[in-house]
Structure formats: structure tokens, C-alpha cells
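Before any comments, here is the structure.
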Amino acid sequence: MDMAQKMMQPDSLLKERAHELFRTVKDAAREADGIEITLTTGQSENLRFGNNELGQSQFGKSRNLSIRLTLDKRQARATTGRLEKSLVEKTVEKALSQARTSPQDPDHLPMLEAQRYHGLDRYHERTLTEPAEQKAAHIGFAIDLARKNGLLASGVLGTNVGNVWILNSVGLEANYKGTNGFYSLTMDADNGNQTGYALSTFADIRELDAGKVAETALERARLNKNQGETLPGKYDVVVDPYAWSETLFFLTVSATAGYAPDFGMRQYKEGRSYLSGRLGEKIMGDNISIEDDAYHPLQTGPSFDGE
Amino acid sequence: MSTSKGLGEDLAKLSLDIASRENATYADFRLVNGRDQIVTVVNDNSSSEETQSMGAGIRVLYGGTGWGFAETDETNDDSIRETTLKALSLARGASKIGSAVSFADEPVHVDRWESPVKKDPFDVSLEEKYRALQESTGKMKGEGIVVRRGQMNFSTVEKYFASSAGSKIHQNFTYSGAALAVAAKGPAGLQTRSTRQYMSRGYELIDELDLPTQAPELTKDALALVNAKRCPDGKSDIILSGDQVALQVHESAGHPIELDRVLGYEANFAGRSFLTPDQLGRLQYGSDKVNIVMDATPEHGPGLGTFRYDDEGVKSQKKYAVKEGKFVGYLMSRNTASKVGEARSNGCMRAEGYHLPIIRMTNVSLEPGDWNYDEIVEDTKDGFLMVTNYGWSIDQKRYNFQFNCEKGYRIRNGSIEEMVRGPGYQGITPEFWNSCDAVGDRKSWVLWGTPNCGKGQPTQIMITGHGASPARFRNVKVFGA
């Protein structure tokens, strides 16, 4: 068994642990009228490289218990990385103390009752067990290709596995286990005046075509050589998918709203969003549809949010 | 806070003994125990959150050619043993394809240090914190006001560092900070005014900030901005407020002097730097009024970049990045110092929590000049005063930038006149800093805190300090947003 695999807890143990923690929290928080725990565990491995050489390889393991308590329309959250019973009880006491002293929330909503979620299969053992030599080979291919073409390769190949368990006092229980990863690569020259970038994200590392990522970065770097000056003015512009994904981020999240989502209902209602008062209005061309879909086949992560 | 005292020494010994038995060239171990509290009031909604985290980060150099790093938040013997072996395994793998690692010498340090605190923020009741925030946001109400927001942040961090060379360092930190923001909607759309400050201090900082007295002025500004004229486009002299100069230093001086970035190790995410090693000691980065230091020493002040030792055990130092306008120094690590001919790191390796240390800003500060603030204004015939940042954009080499501010004022014949909205300015970094002809004196100098600097893959959030006073820049391209 690989060390990374050995360091992960089996699912049955994690479920048992989540329920045991919930019982501890419930016993310690009898005063609360709503109790929710979120237990998250994760493991990640990242191979970083720069200047055509391997940099710092990193491995990390984490777990975290977040406790949300409500008390007479007051709410508080306390989080701990230490799961010993006495420390969990102390964390509950902190949350209770915060809830007792918090002002009432006029927009308070009760906790969500039991829900049904569609099943998701986003866990792929291979992402966790892929040998380091194989990952290093992906990077080695990119570095060789960059060298042959007089470029410098920099990037990171990262893999993660995560578990989330949410339990609350009105019967909601949700859990997710999934893997994900990314391979992002820059090839550049002339101190960054010539660059090419490529990115691949995946849940199953077998879907990673590392050769294609390297060839894409190289092709973009080739096209990016000897750039000419573009004068300010109006042009037809073809936006690269990577650039568009960044643009989309800034369309949905803005400093105007305090780095909160401009598509968020609170921002909308308070008039902080550039979309406020424009629901139903046509704001983009016929060929633009933006959707929020946790079930998209290329999406990773759970299909439920933090509540 | 559950203390990590004693635990660090025991776990470090366990980890470093394993690394030594397995023939590691070098190893270091950090145990970090942190506690954070955030208290927020947005309009009439209040929330608070407290987080406790403890974990260990273990760094190993194997065969003199390969680095490995592993971290865990399970701080028991078994987990530390496994995590050390994981770091070793990564280092061994890297050593097979790595080349000789340079590692600048550092004396062995056995020491203990605590950041100074007068009033422990965790001893102050939540009621008192809510009272101050609600009083402040209560004073922000008015026709046209759409958002009123107040927040306080507090942290304590216990760190224990031990290395195979024999260093054993305990450091304890306390951080406090607060922010207020108010947004108004009117004929000119949404306009925001805000204030924020974060330092390595206790609740005495919050007392000094006296948020409720700042709230009405911010509100008045926001309401005035929705009726103010747009800042005109053109070229003009500008005076920047101290908090805006601090951000200008962070983005256009602090990031391009990060040596890992310069050497290409951050090229994939953050980019590179126009301050290449061939410019060191040669480039006239700014005018002779511009002196920028990298100074983590406690003598610099209680900034977010203040410490006695960095996260690879190097003692904090004061060094110049820019001296009388000349570019003279980088933020370095033990691993990179020799690449620019330095025998010793200047101690800039920092990690978020117990994650991997990388080169980060410490306190990167513009030293005070000799101008009284009022004299700068009086000496300005025609220009703009621009106050508090409202967003920016800068290229990957930190060369070409534009910044927007929350509010501006026209200056005519040495006096501050009408307010303008959406003031912004553009520039090329060395041209801009060379146009600086007046820097405010010590009286107007403030050590500002930036609590959210992102860098690295995986991204880490770091806290940095930036001392700055108001400064004037001549003939700058300005515009209205």
C-alpha cells in the first residue's frame, strides 16, 4: 500500500468519527436550538517546478471540525483542527459563548432539514495512488520539451482527496468523498516577454493528457514570440478560454460587493451588485448563457454547500 | 488557547532524529498553534467566528540536491513519524533529478520572543467588540446608504522552530485589526469609503482607532461622492494618501523584489519581475527621495511583517531594497541568497500557518522624507489628492500599473478644493517612482498592515507591513473611473 493511501482513513471510520463528534457536540450544546457540524478531511500532494528544474515537493494532510450553533435567532461558528473530546467540548463552549453574546439576526433562517442529493462519483483511487515517478515523468516531459525549444518550464502538478460530512440537529446528513487535481504549466523566455500557458483539471488522473498540456504551452509560447505593439482602439477580439475563465470570475465576484458575489441575492437586494434591480433584463448577447451547475460532469467537489 | 508549549520540543526531537537517522542533509521542524477570531456586523446582521488550528511542517533536504516538505495537523507521535518519513521520501525522489542546492549559512539560534501586547484581544468580551462595531455602523445610516460594514480580526500564533543545525526558537505573536466600509448609491452609481488597519498589537489598537468617531466622516464622504464630478483625464501632479502609498509600495516594489519570483520559481502563477539581477546596484528605480527598506526587526515597529526569526530560523534584519532611488536589494531565502552573491539570507521565508515557507514580504516600507504634509499640499500648484485604494491592476512583471482610489480632491494653488469621484492613475514603475519629489515626514508616517497577500501554488495568504507617509508624484497620467 502506498504511503499516501495508508495515511487516509477508511470511509467507514470517517462516518463513525463524524457521528461520534456530532454526539459529543450535541451533548455539550444542549442549550442550543440548532446544531450543525462540518467535518472535512483532506490530503494533497504538489510537485512544483520552475526554471526547468524540480522545486519543492509538498505533501499535506488536514482535518477540520466546524461547529455552527443557533440560539434564539443568534448564530455563531467555531472551528478546530483538534478533535480530542475535551477540545471539541471547549470549541462548543466557545461557540455557545459567542452565540449568547451575539445580537439577534433579523434575517435568521432555521437549519435545513434532511435533503436528497443525487449521487456523484468523483472519487478515483488512481489520483491518490499515482506513483510520484509517473508524476515526475509528466513534468520531465514538459521540461525536456521546453529545453529543446529554448524555453523555461514552470508549474505545478497537484492532486487532492477530500471528504466532507455535514450533520445537523434537524436530520440533515450529507457527505462527499472526491478526488481532484490540476496540472498547470507555463513555458516562457526573455524574462516573461514570451509566454505560453496551459492548464488541465481532472478528478481522475488517468484523464490527464500531460503531453497535450506541454504541447499546448509550447504552441502558445511559439505564437507569443516577437509581440508587436497594439495601439488603443476598438477591435474584434477572440478571448482565449483561460482568459475568459478569469474574466468570468470578475464578472461574478467584485470588489464593489466587498469580494462577495455580484450574483449573490444579498448583494442584489442591498443594491451593491451591478445587477441590482435588473432581474429579467437582457444584459448579454443571445449567444451567452451562464449557468451554475454542481452536477456538471467536469465539475469536482460536493453537490451541496456549507449549510 | 490550548498551549503548544513543550509539545514542540518533543515532536521536533522525534522528527529531527528520524531525519538524522535517515541521513538527511538538513531538516527543520515547525509547530504552529493559531487562534483566530472574526467579528462582523453588516447592516443589521452580526456574526462571529473563532478558529483554532495546530499543525506541524517538516522540511527535509536530502543528498544536498532534493527538497521534500510534508505537513500534518495531527500532532501526535505516530503522525509526526509518518509525516517526517513522507517528507524524506519526497526529498529522496527529488534528489535523484535535482542539482546541488545552495544553502546560505546562518548562526544557530536558541531564543524566545513575544510580540508586545498591552491588551490581549481574547480577554476583551465579544459584547464590547459588537458594541463598538454596532455603534460605528449605526452612525453610518442615511438616505442613499446601501451598505454599512464593520469587522474586527484578532489572532494569536505560537510558533516553535527547530533545525538539525541546533536552532530552537519559540515565538508568540498577537495581531489585531479592524475595518469599516460604507457604500452609498446615487446619481454617480455606487460609491464606497472605507478605513482599515492591522498590526502586530493587542486590542489597544482598536481603542486607538476609535472606529465610532471615524464612521460619520466616511458616511459623509460616500454621500458626497455620489454627487461629485468624475476625476478628469490628463496628466497632473498627484499626492497620494499614506495608505495608498503603502499599497503602491506593496505591489510595485515589494512583489518585484521577491527573489524566488525573479529567479522564475513563481512564473506559472504570479509571474516574473522587471527587477532582474543585472539591474541590482545599477537601476535608478526612483528619485533620490525614495528609500525603501525590508525590515522585519521589532525596532521597525509592530507591523504585520515584524518578527525576530523567519520560518527557516534566520534572524530578522533591516536591509535596503531601494537606497536614494537606486535598486540595491532583494527579499531572500537561504536557498536563493547565493544566486545574487549574498553570503547570508536577509530572513524573508514565511509560511501561512504550518505550510511550506516561501519568500514573502516582511515590512517593506518607504522611509519617511522631510516634508510636512501641509507643506506638500501648499507647494502643489495644480494637482489631485487621491485617498484610499479602490482596486488596481498590474502586469506580471510589476512594471505597468493602474490604481483607483475611493476619493479625490482637486488641488489649486496650494489648497484642497472640490471633491472628485473615481480618481485613478497609471504609470510605469521606475518612471513613476522617479517622479516622486516629496515624501511626508515621520509625523505623517504610519506602519500599515496588509492582511491578505496571496502567493504560491498552492496559494498561501500572508500578512505584510508597509510603512508609508503621503507622497507627491509629478506629471502622472490620471483618469476618472
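Values quoted throughout were computed directly from the atomic coordinates according to the rules given, and no laboratory measurement underlies them. What you see is a predicted model; the values in this text were computed from it and never measured. Cβ atoms come from the backbone with ideal geometry, glycine included; neighbour counts cover every protein chain shown.
Arrange the peptides B:296-307, B:98-109, A:126-137 so that the one whose residues have, on average, the most other Cβ atoms within 10 Å appears first.
Numbers: B:296-307: 22.0, B:98-109: 14.4, A:126-137: 16.3.
In descending order of packing, they fall as B:296-307, A:126-137, B:98-109.
Give me a single rounded figure for A:101-108: the average over its residues of other chain Cβ atoms within 10 Å of their Cβ. Before the final figure, lay out the partial values.
Working: counts 8, 8, 10, 3, 4, 4, 3, 1.
Average neighbour count from other chains, rounded to a whole number: 5.
Positive end of the charge dipole of the stretch A:194-259 (Lys, Arg +1 and Asp, Glu -1 on Cβ, about the Cα centre): tell me which of A:I205, A:L231, A:T195 has its Cα farthest that way.
My answer, from the dipole projection, is A:L231.
How many angstrom lie between the Cα centre of the stretch B:6-59 and the Cα centre of the stretch B:433-479?
Between the Cα centres of the stretch B:6-59 and the stretch B:433-479 lies a distance of 30 Å.
What FRET efficiency would be calculated for the residue pair A:E215, B:R282, taking the C-beta separation as r and a Förster radius of 41 Å, to the nearest 0.05?
Given R0 = 41 Å and the Cβ-Cβ separation, E is 0.60.
Report, in degrees rounded to the nearest 10, the 0 to 90 angle that the Cα long axis of helix A:11-28 makes with the longest principal axis of chain A.
Between the helix axis and the principal axis of chain A, the angle is about 40 degrees.
Please compute the average number of Cβ atoms from other chains found within 10 Å of each residue's Cβ in peptide A:185-198. Intermediate values should be presented prior to the final figure.
Values: counts 1, 8, 2, 6, 0, 1, 8, 10, 2, 0, 5, 0, 2, 0.
The mean count of partner-chain Cβ atoms within 10 Å per residue comes to 3.
Sort B:428-437, A:100-109 by the packing proxy (mean of other Cβ within 10 Å over each peptide's residues), most packed first. Each step should come with its number before you reach the end.
Details: B:428-437: 19.2, A:100-109: 14.5.
Put in order of decreasing packing, that is B:428-437, A:100-109.
Is there a simple number for the mean count of other chain Cβ atoms within 10 Å of the Cβ of residues in A:65-75, and what is it? Numbers along the way, then the final one.
On the way: counts 1, 2, 1, 1, 0, 0, 0, 0, 0, 3, 5.
For this peptide, the per-residue mean of nearby foreign Cβ atoms is 1.
What nm value, rounded to one decimal, do you get for the distance between B:E375 and B:D111 when each label is placed 7 Å out toward the C-beta?
With each label placed 7 Å out from Cα toward Cβ, I get 3.7 nm.
Quick check: residue separation of A:E113 and A:D190 times 0.36 nm, minus the Cα distance between them. What number comes out in nm? If you can, show how the numbers build up before the last one.
Details: separation 77, 0.36 × 77 = 27.72 nm, distance 5.80 nm.
Stretched out fully, the A:E113 to A:D190 stretch lengthens by 21.9 nm.
In debye, nearest 20: dipole of chain B around its Cα centre with unit charges on the Cβ of K, R (+) and D, E (-)? Numbers along the way, then the final one.
Values: 57 positive and 63 negative charges, 217 e Å.
The dipole of chain B has a size of about 1040 debye.
Testing the spin-label approximation: label points 7 Å from Cα along Cα→Cβ at B:R474 and B:A343. State their distance in nm.
4.2 nm
Between A:W244 and A:I290, with labels modelled 7 Å along Cα→Cβ, what's the label distance in nm to one decimal, could you check?
1.3 nm
Dipole of the stretch A:1-104, Cα-centred, from +1 at each Lys and Arg C-beta and -1 at each Asp and Glu C-beta, to the nearest 20 debye? Can you show the working numbers first?
Values: 18 positive and 14 negative charges, 60 e Å.
Computed charge dipole of the stretch A:1-104: roughly 280 debye.
Would you mind pulling out the separation of the Cα centroids of the stretch A:31-71 and the stretch B:221-281, in Å?
Between the Cα centres of the stretch A:31-71 and the stretch B:221-281 lies a distance of 32 Å.
Between 0 and 90 degrees, rounded to the nearest ten: what's the tilt of helix B:211-225 against the longest Cα principal axis of chain B?
That helix lies at roughly 50 degrees to the long axis.
Between B:K235 and B:T459, take the C-beta separation as r, use R0 = 35 Å, and let me know the FRET efficiency to the nearest 0.05.
Values: r = 37 Å, r/R0 = 1.06.
In this case the efficiency is close to 0.40.
Given B:K13/B:K315; B:K86/B:K319; A:K61/B:K318; A:K225/B:K96, which pairs have Cα atoms separated by over 27 Å?
Working: B:K13/B:K315 22 Å; B:K86/B:K319 36 Å; A:K61/B:K318 36 Å; A:K225/B:K96 34 Å.
Over 27 Å Cα-Cα: B:K86/B:K319; A:K61/B:K318; A:K225/B:K96.
Which residue, chosen from A:I139, A:H118, A:L83, occupies the Cα position most advanced towards the positive end of the dipole of the stretch A:16-156, where the dipole is computed from +1 (Lys, Arg) and -1 (Asp, Glu) charges on Cβ about the Cα centre?
Positive-most Cα among the choices belongs to A:I139.
Output the 0 to 90 degree angle, nearest 10, between the alpha-carbon long axis of helix B:7-21 and the longest principal axis computed from the alpha carbons of chain B.
50 degrees
Towards the positive end of the charge dipole of chain B, with charges on Cβ (+1 Lys, Arg; -1 Asp, Glu), say which of B:L133, B:S102, B:H466 has the farthest Cα.
Sorting the options by dipole projection puts first B:S102.
Compute the signed sum of charges (Lys and Arg +1, Asp and Glu -1) over the other residues within less than 12 Å, Cβ to Cβ, of B:E208. Please report the intermediate quantities before stating the final value.
Numbers: positive: B:K118, B:K119, B:R201; negative: B:E204, B:D207, B:D210.
Summing Lys/Arg as +1 and Asp/Glu as -1 gives 0.
Going down the table (B:K289/B:K455; A:K73/B:K119; A:K269/B:K185; B:K289/B:K381), which pairs top 24 Å between alpha carbons?
The answer is B:K289/B:K455; A:K73/B:K119.
Return the FRET efficiency for the residue pair A:L172, A:E16: r is the Cβ-Cβ distance, R0 is 30 Å, and the value is rounded to the nearest 0.05.
0.95
Where the centre of each part is set by its Cα atoms, how far does the stretch B:108-163 sit from the stretch B:382-418, in angstrom?
29 Å
Can you tell me how much longer the chain between A:E125 and A:R222 gets when fully stretched, taken as 0.36 nm per residue apart minus their C-alpha distance, in nm with one decimal? Intermediate results must be reported in sequence, preceding the final value.
Values: separation 97, 0.36 × 97 = 34.92 nm, distance 3.66 nm.
In short, 31.3 nm is gained.
Sorted by average packing, counted as other Cβ atoms within 10 angstrom per residue and highest first, what order do B:244-250, B:39-45, B:158-164 take?
Values: B:244-250: 25.0, B:39-45: 18.7, B:158-164: 22.6.
Most protected by this proxy first, the peptides run B:244-250, B:158-164, B:39-45.
Considering the zone a paramagnetic label at B:E208 would reach in this model (a point 7 Å from Cα along the Cα-to-Cβ line), which residues of the stretch B:288-310 have amide N under 20 Å from it?
Of the residues in the stretch B:288-310, B:295-308 have backbone N under 20 Å from the label point off B:E208.
In the neighborhood of B:Y309, defined by Cβ-to-Cβ distances under 12 Å, what is the net charge if each Lys or Arg adds +1 and each Asp or Glu adds -1? The partial results should precede the final answer.
Numbers: positive: B:R30, B:R112, B:K159, B:K168, B:R308, B:K315, B:R350; negative: B:D28, B:E106, B:D111, B:D310, B:D311, B:E312.
With Lys, Arg at +1 and Asp, Glu at -1, the net is +1.
Quick one: dipole size for the protein assembly as shown, taken about the Cα centre, charges +1 on Lys/Arg Cβ and -1 on Asp/Glu Cβ, in debye to the nearest 20. It would help to have the intermediate numbers written out before the result.
On the way: 93 positive and 106 negative charges, 132 e Å.
For the protein assembly as shown, the charge dipole is close to 640 debye.
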